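Data block below; observations after.
Every read-out reported here was derived from the displayed coordinates using simple, explicitly stated rules and does not represent laboratory data. Here the structure is a predicted model, which is why all the values come from computation and not from measurement. Reconstructed Cβ throughout: ideal geometry from the backbone, glycine too, with neighbour counts over all protein chains shown.
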């Protein structure tokens, strides 16, 4: 049973890795500027079950993955091991931030979200980005 769990975790990690997540905030902002994108920052914790559920379900949906890759520089920060500016709250995770290349917070929310609900939240974020540009 432990072996099966280990295999499943390894597969999930490999699938998750193909999204090419950054883990350095400053480098992600530079990349976002170059690519003319916003930053999607996901803050998790090593021992967070809801974080793992979000990573292993919602972030495995092809439609969600494609949408994130198209529109955002992806930044995954573990509050347990990565550095992050103090303006970002990390006490409750998973925590989601959408940030401009200049570091301005566009939108934030927390918690586990199913792919359908997360897609709806992405709609809201994209509307905010569009309206901000006007």
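The modelled label-to-label distance for the pair residue 108/residue 83, using points 7 Å beyond Cα in the direction of Cβ, is 2.0 nm. If the segment from residue 90 to residue 24 were pulled out straight at 0.36 nm per residue, it would be longer than the present Cα-Cα gap by 22.2 nm.
DSSP bridge analysis restricted to segment 20-132 gives an antiparallel fraction near 55%, rounded to the nearest 5.
Semi-axis lengths, largest first, of the ellipsoid equivalent to segment 18-134 are 20, 17, 13 Å, with √(5λ) applied to each eigenvalue of the Cα gyration tensor.
State, as an integer percentage, the relative contact order of segment 20-132 based on alpha-carbon contacts under 8 Å between residues 6 or more apart.
Reported as a whole number, the value is 35 percent.
Computed extension gain for residue 123 through residue 50, at 0.36 nm per residue and net of the alpha carbon distance, reaches 24.1 nm.
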